[in-house]
């Protein structure tokens with residue numbers, strides 16, 4: 001399995017988010033890539049966080065991230081997006 005370059009992965013995701021008109025303010029979305037797991041098997045986790053308008057936008061963001069990741073082996077998405085209660 002090839003190691004995923006974190007900077008390239010975030011760049012690809014950020015580009016996809018910025019191109020999607022359904023996402024209100026993609027620059028308010030925080031992206032972090034982490035490596036988790038043991039010595040022999042490490043998974044790459046894309047942690048997405050920030051405040052969003054509604055749950056539909058959150059689903060769209062996660063879907064866009066999964067599309068940007070493609071079929072990368074061992075890459076997971078951890079969705080920590082929050083809809084403010086107002």
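FYI, it's all coordinate maths here, none of it is from the lab. Because the structure is a prediction, the values reported are computed rather than measured. FYI the Cβ positions are ideal-geometry reconstructions off the backbone, even for glycines, and counts take in every protein chain you see.
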Exercise. Counting only C-alpha contacts under 8 Å and six or more residues apart, can you give the relative contact order of the chain as a whole percent?
Key: 31 percent
Quiz item: Considering only DSSP beta bridges whose two residues both sit in the chain, what percent are antiparallel, to the nearest 5?
Solution: 50 percent
Practice problem: Read through the labelled values (1) 13.4; (2) 15.1; (3) 13.8 and report the label of the one computed as Kirkwood radius over Cα pairs in Å from the structure. | Solution: (1)
Quiz prompt | In range of the label at residue 43: residues from the range 56-86 whose backbone nitrogen is under 13 Å from the point 7 Å along Cα→Cβ | solution = 73-79
Exercise. Tell me what the chain gives for mean residue ellipticity at 222 nm when only DSSP H runs of n ≥ 4 count, each as -39,500 (n - 2.57), the sum divided by the residue total, rounded to 500 deg cm²/dmol.
Key: -11000 deg cm²/dmol
Quiz item: What order do you get for 61, 39, 69 when you list them from fewest to most C-beta neighbours inside 10 Å?
Solution: 39, 69, 61
